[in-house]
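Asks: The structure's right below; bear with me while I get my questions together.
Just so you know, all these numbers are worked out from the coordinates, no wet-lab data involved. Keep in mind that this is a model prediction, so the values were computed, not measured. Glycine gets a Cβ as well: all are built from the backbone with ideal geometry, and neighbour counts include every protein chain shown.
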Amino acid sequence: MSQRVMSSDYMAWSKLHSGSKYNLAASGVRWYALKDLPVTLADLEINGPSTYGFAPLQEAIANRFGVTTDMVVAAAGTSMANHLAMAVAFEPGEEVLIEHPTYELLVSTAQYLGAQVTRFSRPAEDGFRLDPNTIARAITPATRLIVLANLHNPSSAFVDNATLAQVGELARGVGARVLVDEVYLEAMFDHRPPSAIHLGKEFIVTSSLTKAYGLNGLRCGWALAEPQLAQKMWRLHDLFGVIPAHPAERLSVIAFQHLEQVAASARTLLQSNLALLHRFLDSHPELPASKPEFGTIAFPKLLRGNVDTLCALLREKYETTVVPGKFFEMPQHFRIAVGGETTVVQEGLERLGRALADLKLFHTDW
Ligand SMILES: Cc1ncc(COP(=O)(O)O)c(C=O)c1O
């Protein structure tokens, strides 16, 4: 029997080595400050009536997605929501189908929970499009769960609900479920389609306020699922932490009440920063990439040269970081994130351009 996965190399790198003056590695929108929310000390009372959820927060999440509160499981970020969702969707040793490339934690969490993980490809040459035919070829009667992220991490590719419905049909055919991690879907703001939770009982959806709104520290996440499965997640959650930090629950309710205001700030920022990113990619044909219309990240390929060399040069000489593609099992790519302050993103992209120019000097065949 293979050894159980007990850690994530990507998360350790992200916590210890991804920081820099010009950070193009962090995928979330710049931090939203507490002072910009109308909060009083009384709002942050330490203790309160939280058991299987804090009712006002359960209602805020349910209202936002047009579901009943018995379908909502509050969790510490999308991360814990993914963990709970996977844990109730399959037994150790069962087959789980996960997109490739993907957010590393989706794979390591499934492996930690004992899944037999197989992969289906979202090819770079096809803009990382999700093609249900690829899933149809990979799915077996033993498949218990299909896992994908929408928007896609690392590319921000979008999957529409008609395509997701086809995936749902495939899952239904073998009695499997579909987990859609929608954390970056929030970054579509006014263009956000209805959540995949409405596509059928086989869907489980996870998300949070962390990425699109700059509210990472609140750890306000959730899983949405049919009530019986939601109940199973709540009962499992008792084994992890009993109840969340109550002031964070109360602050999350306030964040939902003012989400339009928080979103407006993020939307304006991302519009400017995505335009900068598009201009950068247009002027660098040596970095083929699909240009994301929404989201915070892109995943170009470095046509010539070594990505680790580029990343080291970028960090050491230019105080700038991106995420090496090896963390997405595609070592010739790297991920650029543009959720930071516009001045930082602009300077980071310029520095990336200079590092690429340096790298070219090593390659006479460029
Ligand atoms: C696809 C995906 N899901 C979940 C997470 C973690 O989200 P959270 O901060 O809400 O736990 C990330 C973080 O990068 C992510 O990319």
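Asks: How would the chain be classified by its alpha-carbon gyration tensor: rounded, prolate or oblate, with rounded meaning a/c under 1.5 and the a/b versus b/c comparison settling the rest?
Replies: Taking the square roots of the gyration eigenvalues as a ≥ b ≥ c, the chain is oblate.
Asks: Right, another one. Find how many whole Å separate the alpha carbon centroid of segment 117-180 from the alpha carbon centroid of segment 311-366.
Replies: 30
Asks: Place +1 on the Cβ of every Lys and Arg and -1 on the Cβ of every Asp and Glu in segment 37-259, take the dipole about the Cα centre, and give the residue among Ala149, Tyr184, Pro92 whose Cα lies farthest towards its positive end.
Replies: Projecting each Cα onto the dipole axis, the largest value belongs to Pro92.
Asks: Of the DSSP beta bridges with both residues in the chain, give the percent that are antiparallel, rounding to the nearest 5.
Replies: Percentage antiparallel, nearest 5: 45.
Asks: On a 0 to 90° scale, report how tilted helix 307-318 is relative to the longest principal axis of the chain, with both axes built from alpha carbons and the result rounded to the nearest 10.
Replies: The angle comes out at about 80 degrees.
Asks: So how strong a dipole does the chain carry about its Cα centre when Lys and Arg Cβ are +1 and Asp and Glu Cβ are -1, to the nearest 20 debye?
Replies: The calculation lands at about 400 debye.
Asks: Where does each of 138-149, 329-340 land if you order them by average Cβ count within 10 Å, highest first?
Replies: Packing order, densest peptide first, comes out as 329-340, 138-149.
Asks: Can you give the angle from 0 to 90° between the axis of helix 246-257 and the longest principal axis of the chain, with both taken from C-alpha atoms, to the nearest 10?
Replies: Between helix and principal axis, roughly 70 degrees.
Asks: Something else about it: What number, in percent, do you get for the relative contact order of the chain if the mean sequence gap of Cα pairs under 8 Å and at least 6 apart is divided by its residue count?
Replies: 24
Asks: Once you have all Cα-Cα distances for segment 310-366, histogram them in 10 Å bins from zero and send the whole-percent values.
Replies: With a bin width of 10 Å, the distribution comes to 23, 49, 26, 2.
Asks: Another question, then. If packing is taken as the mean number of other Cβ atoms within 10 Å per residue, what is the order of 159-172, 235-248, 31-44, 260-273, highest first?
Replies: Descending packing order for the listed peptides: 159-172, 260-273, 235-248, 31-44.
Asks: Is there a quick way to get the dipole size of segment 44-196? I mean about its Cα centre, with the Cβ of Lys and Arg at +1 and of Asp and Glu at -1; what is the value in debye to the nearest 20?
Replies: 240
Asks: Nearest 500 deg cm²/dmol is fine: what mean residue ellipticity at 222 nm does the chain get from its DSSP H runs of n ≥ 4 alone, each adding -39,500 (n - 2.57), divided by its residue count?
Replies: Calculated from helices alone, the mean residue ellipticity at 222 nm is -12500 deg cm²/dmol.
Asks: As I understand it, the dipole of the chain uses +1 on the Cβ of Lys and Arg and -1 on the Cβ of Asp and Glu, about the Cα centre. Which of Met330, Ala75, Leu37 lies farthest toward its positive end?
Replies: Met330
Asks: What angle do you read, to the nearest 10 degrees and between 0 and 90, between the alpha-carbon axis of helix 259-282 and the longest principal axis of the chain?
Replies: Roughly 30 degrees, rounded to the nearest 10.
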